[in-house]
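Data first, discussion second: the structure below is written as structure tokens.
The values are calculated or read from the model by the stated rules, or taken from the named source; none is laboratory data. Everything quoted here is computed from the prediction, not taken from an experiment. Here Cβ is always computed from backbone atoms with ideal geometry, including for glycine, and neighbour counts include all displayed protein chains.
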Amino acid sequence: MAFLEIKNVKKRYGTADVLKGIDIAVEAGAFLVLVGPSGCGKSTLLNMIAGLDAISEGEVRINGARVNELHPSKRDIAMVFQSYALYPNMTVAENIAFGLEMRGVPKAERERAVAEVGKTLQIEHLLKRKPSQLSGGQRQRVAMGRALVRQPQVFLFDEPLSNLDAKLRVEMRTEIKRLHQAMKTTMVYVTHDQIEAMTLATEIAVMNAGEIQQLGTPQEIYNRPNNIFVAGFMGSPSMNMMAATLEDGAGGPAVSLATANGHALRLPLGPAAKALAGYGKRQVILGLRPEAITDPNGADRSGNSIARADCLVEVVEPAGSDTFVVTRLADKEVIARMRADADVRPGQLAPFAFAMDKAVLFDPETGKRIG
Amino acid sequence: MAASVATAAVGTARFWRVLIYTTLIVFAVMYLLPLWVMVVTSFKTLDEVHDGHMLQLPQNFTTEAWSSAWGTACIGLTCEGISGYFWNSIKMAVPAVAIATMFGALNGYVLTKWRFPGHKWIFGLMLFGCFIPFQVVLVPMAQVLGRLGIANSTAGLVLVHVVYGLGFSTLFFRNYYEAFPNELVRAAMIDGAGFFRIFWRILLPSSGPIIVVTVIFLFTNIWNDFLFGASFAAGGSAPMTVALNNLVSSSTGVKEYNVHMAAAMIAALPTLLVYVVAGRYFLRGLMAGAVKG
């Protein structure tokens, strides 16, 4: 039995369906990330796990026990809020100890626990300060300390890093990952940042419009997205989506694309795509991540289905570690990720290598993945 | 050329500054003049009040008028000064302010953080209560006080002022707590604090500025109230304002202006004190809020 189970959970506000039947089950020690655009219901779901929002229908179970009717304080969870929600009138130490104090833990024990958490998070020197005297990153640490000190069964994070500047966000992300690796406690983490989702999660639930689009490991989500929404939401820059025709050929199935000069560009899908052989000729959406389109020298030589083509370069964006090259295929802008020293200039034809074993095909009508 | 333009600009600026300060000083003097008359008159003997000029400093400085006003002046038939009534007012205003503030804070807390269906209606009705003129409720209030058996008593006045003050204190606290982050309440809930603990430990300690605002507002209103005092607490339990009126408007004997002025000053002192003392805390509260917390 899974440690945290969310069974057909629904949320209605009046007639509006905010969550339309969510099913998630994760094992103990998992790091579940709920990711999706704003308004997709991910924070609502987290609040329902926490007990801060009532569950309209369905069931939430933690460690086998139904918690629907339990008060937030009785669910053995701790939550880190987006605004940190530090009590402004208390010192850092009092903030961290508040939960223990409410549970009647003796003072000496509380002080020991606070000192220990302070050490773990390297905030010992801040314990006597008020939250207003702390920087954003320090407040973030204190908020985590307040959750850590209780040693709950499940940690809940509601966009905890979104108020930090970019550099600090990356640091804290690593810190959270390290904490999870050390403690092995189950965590549920809400974010709209797909990079946070990819780096932190052991399980990702991609949500949109009150529904789970896909639940899986980061690799599954990234490499085999269920539909166009997941494919487009995860990854930066996003996956290139091109209208194409799937057809059987001599060397197995292939896709052909319309190019700017009117010729069709035929890309064989390679031996990995045998499952697609039976489909016959039909319209599809070809999905290729930017890193699957490179310059021929940067292509993965072990890849067994590299297709090559010359394409007109429209824009070159050097990003330091890589160079992003924009071309046009099937009347859509297509971004390729080339090596930093790739010799390409805008307005010229350049050789492109397509790693077709990484290609994902979608049904243009339903948006679902084929094969 | 440029220099002369600059000089002209400086000249105009100075002209406006002089004009503004002159106007301000004139108005300040206008407002302060009555206070000046009160202060100097209260330290004069009655003869000097009659013979001398109103604005003149006292020639024979004496505090006789003050002690007379406090202890021996005749109000109605008793000649024990206004001290008893002063304490009546304190006994009325302090509990009324404390109770109305306390309940206003609780109301504001419930109306923002523990919302229930119809909370907007309840708040709307309480707001409406703020705008009901005093005169409208005189008769029904008298009946209620009579049935409760606290007519003509300080307890009755406290009740009346609490009822009237609640609308305002609820309004103040509701608007203040509206801006108080809900996440703090939610965090405290997860930490295991209940309804009253969240209020007591999380909200109230951050409510300094609004408590001061409410206390200043309510205390001034309640202390200065005349209508309710005159209607519901005549005689021995009358508040200061009613006693002052009785002292000044008594028709027998010579008008002792110096005593009247001293009594009026005594009547005004507590509100002045509240402003001076609490105003500083009020400012301090504002400053603390300005540093983002």
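Hey, A:S38 hits all of (1) surrounded by 22 or more Cβ atoms within 10 Å (Cβ to Cβ); (2) under 18 Å from the mean Cα position of the chain (by Cα) but one; which does it fall short on?
Going through (1) surrounded by 22 or more Cβ atoms within 10 Å (Cβ to Cβ); (2) under 18 Å from the mean Cα position of the chain (by Cα) one by one, A:S38 breaks only (1).
Which ones in segment A:214-251 are free of Cβ contacts under 8 Å to residues at least 24 places away in the same chain, assigned to a helix (DSSP H, G or I) and small (G, A, S)?
Result: A:G232, single match.
Take A:L86 and tell me if it is aliphatic (A, V, I, L, M), within 28 Å of the chain's Cα centre (by Cα) and either farther than 19 Å from A:P152 by Cβ or crowded, with 17+ Cβ neighbours inside 10 Å (or both). I'd like the intermediate steps shown before the answer.
Details: aliphatic (A, V, I, L, M): yes; within 28 Å of the chain's Cα centre (by Cα): yes; either farther than 19 Å from A:P152 by Cβ or crowded, with 17+ Cβ neighbours inside 10 Å (or both): yes.
Yes: the conditions hold for A:L86.
Could you tell me whether segment B:231-238 includes any residue that is in contact with a helix residue (DSSP H, G or I) (Cβ under 9 Å, 6 or more places away or on another chain) and modelled with pLDDT of 90 or more? Write out each step before concluding.
We begin by selecting, within segment B:231-238, every residue in contact with a helix residue (DSSP H, G or I) (Cβ under 9 Å, 6 or more places away or on another chain); these are B:231-234, B:236-238.
Going one step further and asking which of them are modelled with pLDDT of 90 or more, we end up with none.
No, every residue in segment B:231-238 fails to be in contact with a helix residue (DSSP H, G or I) (Cβ under 9 Å, 6 or more places away or on another chain) and modelled with pLDDT of 90 or more.
Answer yes if at least one residue in segment B:260-283 is crowded, with 22+ Cβ neighbours inside 10 Å and either β-branched (V, I, T) or within 14 Å of chain A (Cβ to nearest Cβ) (or both), and no otherwise.
Checking segment B:260-283: not a single residue is crowded, with 22+ Cβ neighbours inside 10 Å and either β-branched (V, I, T) or within 14 Å of chain A (Cβ to nearest Cβ) (or both).
Based on this model, can you work out whether B:A193 counts as in a loop (DSSP other than H, G, I, E, B) and within 10 Å of chain A (Cβ to nearest Cβ)?
Working: in a loop (DSSP other than H, G, I, E, B): yes; within 10 Å of chain A (Cβ to nearest Cβ): yes.
So B:A193 passes the test.
Could you figure out which of (1) surrounded by fewer than 17 Cβ atoms within 10 Å (Cβ to Cβ); (2) more than 8 Å from chain B (Cβ to nearest Cβ); (3) farther than 18 Å from A:V142 by Cβ; (4) out of contact with any Asp or Glu (no Cβ under 8 Å at 6 or more places or on another chain) isn't true of A:V67?
For A:V67, the exception is condition (1).
So B:Q143 passes all but one of these: (1) assigned to a helix (DSSP H, G or I); (2) more than 25 Å from B:I211 (Cβ to Cβ); (3) of a type in the set (S, T, N, Q); (4) touching a residue at least 60 places away in the same chain (Cβ under 8 Å). Which condition number does it fail?
Of the numbered conditions (1) assigned to a helix (DSSP H, G or I); (2) more than 25 Å from B:I211 (Cβ to Cβ); (3) of a type in the set (S, T, N, Q); (4) touching a residue at least 60 places away in the same chain (Cβ under 8 Å), the odd one out for B:Q143 is (4).
From the set of residues in segment B:200-227 that are within 13 Å of another protein chain (Cβ to nearest Cβ) and surrounded by 21 or more Cβ atoms within 10 Å (Cβ to Cβ), which is nearest to A:A50 (Cα to Cα)?
B:I202
Would you check which residues across segment B:37-51 are within 27 Å of the chain's Cα centre (by Cα) and not in a helix (DSSP H, G or I) and list them? Break it down into steps so the answer makes sense when it comes.
Filtering segment B:37-51 for residues within 27 Å of the chain's Cα centre (by Cα) gives B:37-43.
Selection gives B:F43 alone.
Check segment B:185-206 and report whether any residue there is of a type in the set (S, T, Y), in contact with a Ser or Thr (Cβ under 9 Å, 6 or more places away or on another chain) and modelled with pLDDT under 90. It would help to see each step written out before you state the result.
Of segment B:185-206, the ones of a type in the set (S, T, Y) are B:206.
Within this subset, residues satisfying the condition of being in contact with a Ser or Thr (Cβ under 9 Å, 6 or more places away or on another chain) are none.
No, that holds for no residue.
Determine if segment B:241-248 includes at least one residue that is at pLDDT 90 or above, assigned to a helix (DSSP H, G or I), buried (at least 22 other Cβ atoms within 10 Å of the Cβ) and over 18 Å from the mean Cα position of the chain (by Cα).
The answer is no, given that none of the residues of segment B:241-248 is at pLDDT 90 or above, assigned to a helix (DSSP H, G or I), buried (at least 22 other Cβ atoms within 10 Å of the Cβ) and over 18 Å from the mean Cα position of the chain (by Cα).
What residue, among those in segment A:176-201 that are buried (at least 16 other Cβ atoms within 10 Å of the Cβ) and of a type in the set (V, I, T), is nearest to the chain's Cα centre (by Cα)?
Per the stated criteria, the residue is A:T191.
Run down B:V49, B:V97, B:V29 and say which single residue is free of Cβ contacts under 8 Å to residues at least 40 places away in the same chain and either touching a helix residue (DSSP H, G or I) at 6+ places or on another chain (Cβ under 7 Å) or surrounded by 10 or more Cβ atoms within 10 Å (Cβ to Cβ) (or both). Reasoning before the result, please.
Numbers: B:V49 fails: free of Cβ contacts under 8 Å to residues at least 40 places away in the same chain; B:V97 fails: free of Cβ contacts under 8 Å to residues at least 40 places away in the same chain.
Going through B:V49, B:V97, B:V29 in turn, the sole match is B:V29.
How many residues, within segment A:112-138, are within 10 Å of another protein chain (Cβ to nearest Cβ) and in a helix (DSSP H, G or I)?
3
Go through segment B:52-81 and give me each residue that's closer than 13 Å to B:L244 by Cα, not in a loop (DSSP other than H, G, I, E, B) and not small (G, A, S).
B:W70, B:I75
When segment B:146-158 is examined, which residues are found to be in contact (Cβ under 8 Å) with a residue 24 or more places away in the chain and either of a type in the set (A, V, I, L, M, F, W, C) or outside the structural domain of B:F103 (by TED's automatic domain parsing) (or both)? Explain how you work it out, then say what you get.
Of all residues in segment B:146-158, those in contact (Cβ under 8 Å) with a residue 24 or more places away in the chain come to B:151-154, B:156-158.
Of everything in segment B:146-158, those that are in contact (Cβ under 8 Å) with a residue 24 or more places away in the chain and either of a type in the set (A, V, I, L, M, F, W, C) or outside the structural domain of B:F103 (by TED's automatic domain parsing) (or both) turn out to be B:A151, B:L157, B:V158.
Counting only residues that are surrounded by fewer than 21 Cβ atoms within 10 Å (Cβ to Cβ) and under 30 Å from A:V105 (Cβ atoms), which one in segment B:163-188 is nearest to the other protein chains (Cβ to nearest Cβ)?
Ranking the candidates gives B:E183 first.
Yes or no: segment A:85-96 includes at least one residue that is at positive phi, facing chain B (nearest Cβ under 10 Å), in contact (Cβ under 8 Å) with a residue 12 or more places away in the chain and of a type in the set (F, W, Y). So that I can check it myself, show each step before the final result.
Step one: of segment A:85-96, the residues at positive phi are A:85.
Restricting the remaining residues to those that are facing chain B (nearest Cβ under 10 Å) gives A:85.
Now drop any that are not in contact (Cβ under 8 Å) with a residue 12 or more places away in the chain, which leaves A:85.
Filter once more, keeping what is of a type in the set (F, W, Y): none.
Taking every residue of segment A:85-96 in turn, none turns out to be at positive phi, facing chain B (nearest Cβ under 10 Å), in contact (Cβ under 8 Å) with a residue 12 or more places away in the chain and of a type in the set (F, W, Y).
Taking B:S83 as the residue in question, decide whether it is of a type outside the set (A, V, I, L, M, F, W, C), in contact with a Pro (Cβ under 6 Å, 6 or more places away or on another chain) and either under 30 Å from B:V185 (Cβ atoms) or in contact (Cβ under 8 Å) with a residue 12 or more places away in the chain (or both).
On the way: of a type outside the set (A, V, I, L, M, F, W, C): yes; in contact with a Pro (Cβ under 6 Å, 6 or more places away or on another chain): no; either under 30 Å from B:V185 (Cβ atoms) or in contact (Cβ under 8 Å) with a residue 12 or more places away in the chain (or both): yes.
For B:S83, the condition - of a type outside the set (A, V, I, L, M, F, W, C), in contact with a Pro (Cβ under 6 Å, 6 or more places away or on another chain) and either under 30 Å from B:V185 (Cβ atoms) or in contact (Cβ under 8 Å) with a residue 12 or more places away in the chain (or both) - is not met.
Here are B:Y109, B:Y31: which of them is in a helix (DSSP H, G or I), at pLDDT 90 or above and more than 30 Å from B:F180 (Cβ to Cβ)? Explain how you work it out, then say what you get.
Details: B:Y109 fails: more than 30 Å from B:F180 (Cβ to Cβ).
When all the criteria are applied, what remains is B:Y31.
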